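A short worksheet on the structure shown next.
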Amino acid sequence: MYISRVLGGALALAALGQQVPPPPAPAAASVQAPAPLRPPARGDILRGEYGRYRANNDLLFYRLDIRVDPERKSIAGKNTIRFKMLTDDSRIQLDLYANLKVDRILMGPTPLKYEREINTVWVDFPQPLKAGREYTIDFHYSGIPQEQGRFGGISFKKDPTGQDWIFTACEGEGAAIWWPNKDQWRDEVEKMEISVAIPNGLTDVSNGKFLGKTDLGDGYTRWDWRVQYPINNYSVSLNIGHYVHFEDRLGDLPLDFYVLPGSLDGAKRQFAQAKPMIEAYQHFFGEYPFKKDGYKLIEVPYSGMEHQSAVTYGNRFANGYLERDWTGVGVSPKFDFIIIHESGHEWFGNAVSAADVSDMWIHEGWTTYLENLYVERLFGYDEALKYVNGYKTKVRNRDPIVTQRGIHRTPSQDMYFKGALFLNTLRSVVNDDARWWKLLRDLFQHFKYQNIMTEDIVRFVNAQLGQDLTPVFNQYLRRADLPTLELAFNEAEGTVAYRWKADEREFAMPIRVGERGRWTVIQPTTGWTIMKTPLKKDAFEVATDLYYVNVTKQ
Ligand SMILES: [Zn+2]
């Protein structure tokens, strides 16, 4: 997904994604969740909690079939929702913004009763539904969706030549801003169909494989798309405009590009970066995860968003990020930040997804680290190290990265930059690249198409490395402060004492110290250890480009 604000100015990044059947409710975190900045309101609970009427069912399939009227800026249609009941119950929770009208909700021919509360729609069944059985309902709705939030949620705009340009980017606002669904992160449909009727002459690019278009004979044409993988609600997208299309292939993966006619030359030049980008990520993690749906880049007027298999792009067909050097160290001008970041989310965000917004670093921290892997693959290790350390100026260390779950509160931007720096630190902790590359690939392959929490990653890493790094994860993700390596020199004795100062009492992490190029690995804990060193205080270095830590010397 995207970053909305950055130190020193209004910047935008974009990215995200997701996928499969709901995992069990999360186990209690080993550390208490941070207190929210403000108490959650009823709307936050309705939006974020995986409560009884969400947990009682498992989504299987959506068929979204809508008509979009650019003149009235309206949508009308239905979402057919198939789900399996997990417990006997007679109510489920769906979501649709309050300003949109529920026309009717049907199970077969039978109208269902419903109640609306803020942006939630409680759907009631005349008899209890039975655990283990599958049910299908048709949710008919209509109205004029209201644009809001950084990327608008849904926007009815004009392109530079004055023609209609309509697009969605609703990760923050939620998909219920423009269509009815079970709007949460834990549960995803396994497949989806998207049919969009629009005035003749316009093109709709949505997610998945393009099936074809049908002239409806009334001035409208229906565009049909099929998503053959689990997909998160916010990733489902409309991109409606006077697009031109060109294509390419990477092996048997179709690459499809949709841009405004005036952008065609720039796009043909800039989108050539898609192939080496996909190859780089495939090198580290394995095959592009949505192969049957293909890979698409679609021009939009905002910076970009990782809509699954239909990544949107608005980075001015230039390298860097909105023509800036994104990490300020001369590396990002070598590539198109939005192509590399948003597409990285196909692996982390869309294929491996967080089950709660609280753990969104699984999307953003990982994808920001993926940028770094891309740089390493294309431009070498030194450039990658420079690039990731460039992110330090964007970290604030004011709030923990993982937020309180169940209230849909987006974590601080540290989830991007500190998240990536933490993963780079973890690589140094492993201190064996063969093991590190295997860990990354195995982790992706293990969690692909799942919705997971931080605990799942910690458990996996601990098991694969055969050591308990839980306090390290906790310090970086569940605490605001960095660990500090305290060094106390006794130059007369030729010794240095060292220990970690950290909120996690069990915090212990190896680190390289001494002389650059001839590092000594020490194993500090939160208790003092003394070692001999021929180095004076000023000459004694710590590998802070490999480990994101504070250091004090006395
Ligand atoms: Zn992102």
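The values are calculated or read from the model by the stated rules, or taken from the named source; none is laboratory data. Note that this is a predicted model, so its numbers are computed, not measured. Every residue, glycine among them, receives a Cβ derived from its backbone with ideal geometry; neighbour counts consider all protein chains shown.
Numbers for the structure displayed
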item: Pick from the stretch 236-254, criterion of a type in the set (A, V, I, L, M, F, W, C), part of a strand (DSSP E or B) and in contact with a Leu (Cβ under 8 Å, 6 or more places away or on another chain), ranking: surrounded by the fewest Cβ atoms within 10 Å (Cβ to Cβ); result: 246
item: Residue 488 in contact (Cβ under 8 Å) with a residue 60 or more places away in the chain, more than 22 Å from the chain's Cα centre (by Cα) and not in a helix (DSSP H, G or I); result: yes
item: Matching residues, the stretch 465-494, being out of contact with any Phe, Trp or Tyr (no Cβ under 9 Å at 6 or more places or on another chain) and charged (D, E, K, R); result: 468, 478, 479, 481, 491, 493
item: Filter result for the condition that a residue is at pLDDT 95 or above, away from the ligand (no atom under 16 Å from the Cβ) and crowded, with 16+ Cβ neighbours inside 10 Å, over 72, 42, 52, 63; result: 63
item: The stretch 356-387: number of residues that are under 26 Å from residue 54 (Cβ atoms), part of a helix (DSSP H, G or I) and touching a Lys or Arg at 6+ places or on another chain (Cβ under 7 Å); result: 2
item: The stretch 290-307, residues that are within 16 Å of the ligand (Cβ to nearest atom) and surrounded by fewer than 24 Cβ atoms within 10 Å (Cβ to Cβ); result: 302
item: The listed residue being modelled with pLDDT under 50, more than 16 Å from the ligand (Cβ to nearest atom), of a type in the set (Val, Ile, Thr) and surrounded by fewer than 19 Cβ atoms within 10 Å (Cβ to Cβ), out of 31, 6, 20; result: 31
item: Of the criteria (1) surrounded by fewer than 16 Cβ atoms within 10 Å (Cβ to Cβ); (2) assigned to a loop (DSSP other than H, G, I, E, B), which one residue 446 fails; result: (2)
item: Residues satisfying the stated conditions in the stretch 388-418, i.e. in a helix (DSSP H, G or I) and within 16 Å of the ligand (Cβ to nearest atom); result: 388, 391, 394, 414, 415, 416, 417, 418
item: Close pairs from the stretch 330-347: first of a type in the set (S, T, N, Q), partner within 15 Å of the ligand (Cβ to nearest atom), Cβ under 7 Å, at least 6 apart; result: 332/321; 332/326; 343/277; 343/311
item: Filter pass, residue 280 being modelled with pLDDT of 95 or more and in contact with a Lys or Arg (Cβ under 8 Å, 6 or more places away or on another chain); result: yes
item: Filter result for the condition that a residue is under 15 Å from residue 281 (Cα atoms), at pLDDT 95 or above and within 16 Å of the ligand (Cβ to nearest atom), over 364, 371; result: 371
item: Scan of the stretch 511-535 for residues that are among the aliphatic types (A, V, I, L, M) and surrounded by fewer than 16 Cβ atoms within 10 Å (Cβ to Cβ), ordered by number; result: 521, 530, 531
item: Filtered residues of the stretch 116-136 (kept if assigned to a strand (DSSP E or B) and surrounded by fewer than 17 Cβ atoms within 10 Å (Cβ to Cβ)); result: 116, 117, 122, 124, 126, 127, 128, 134, 136
item: Hits in the stretch 536-554 - residues which are surrounded by fewer than 17 Cβ atoms within 10 Å (Cβ to Cβ) and either under 19 Å from residue 493 (Cβ atoms) or out of contact with any strand residue (DSSP E or B) (no Cβ under 9 Å at 6 or more places or on another chain) (or both); result: 536, 537, 538, 539, 545, 553, 554
item: Lone qualifier among 348, 337 - being within 12 Å of the ligand (Cβ to nearest atom), aromatic (Phe, Trp, Tyr), over 10 Å from the mean Cα position of the chain (by Cα) and crowded, with 24+ Cβ neighbours inside 10 Å; result: 337
item: Given (1) crowded, with 23+ Cβ neighbours inside 10 Å; (2) on the phi < 0 side of the Ramachandran plot; (3) modelled with pLDDT of 95 or more, number of the condition residue 156 does not satisfy; result: (1)
item: In the stretch 449-463, the residues that are surrounded by fewer than 17 Cβ atoms within 10 Å (Cβ to Cβ) and among the polar types (S, T, N, Q); result: 462
item: Pairs where the first residue, in the stretch 285-306, is more than 23 Å from residue 373 (Cβ to Cβ) and touching a residue at least 24 places away in the same chain (Cβ under 8 Å) and the second is among the polar types (S, T, N, Q) and within 15 Å of the ligand (Cβ to nearest atom), C-beta under 7 Å, 6+ apart; result: 298/312; 300/312
item: Residue that is farther than 27 Å from residue 531 by Cβ, of a type outside the set (Gly, Ala, Ser) and at pLDDT below 95, where the choices are 409, 459, 441; result: 409
item: Which listed residue, of 430, 395, is farther than 30 Å from residue 42 by Cβ, within 19 Å of the chain's Cα centre (by Cα), surrounded by fewer than 23 Cβ atoms within 10 Å (Cβ to Cβ) and modelled with pLDDT of 95 or more; result: 395
item: Answer from 493, 506 - the residue that is assigned to a loop (DSSP other than H, G, I, E, B) and in contact with a helix residue (DSSP H, G or I) (Cβ under 8 Å, 6 or more places away or on another chain); result: 506
item: Every residue from the stretch 514-554 that is among the aromatic types (Phe, Trp, Tyr) and either closer than 18 Å to residue 499 by Cβ or in a loop (DSSP other than H, G, I, E, B) (or both); result: 528, 540, 547, 548
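Residue-by-condition table, conditions (1) outside any loop (DSSP other than H, G, I, E, B); (2) closer than 17 Å to residue 374 by Cβ; (3) touching a Pro at 6+ places or on another chain (Cβ under 8 Å); (4) of a type in the set (D, E, K, R):
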site	(1), (2), (3), (4)
256	yes, no, no, yes
271	yes, yes, no, no
274	yes, yes, no, no
278	yes, yes, no, no
281	yes, yes, no, no
308	no, no, no, no
315	no, yes, no, no
329	no, yes, no, no
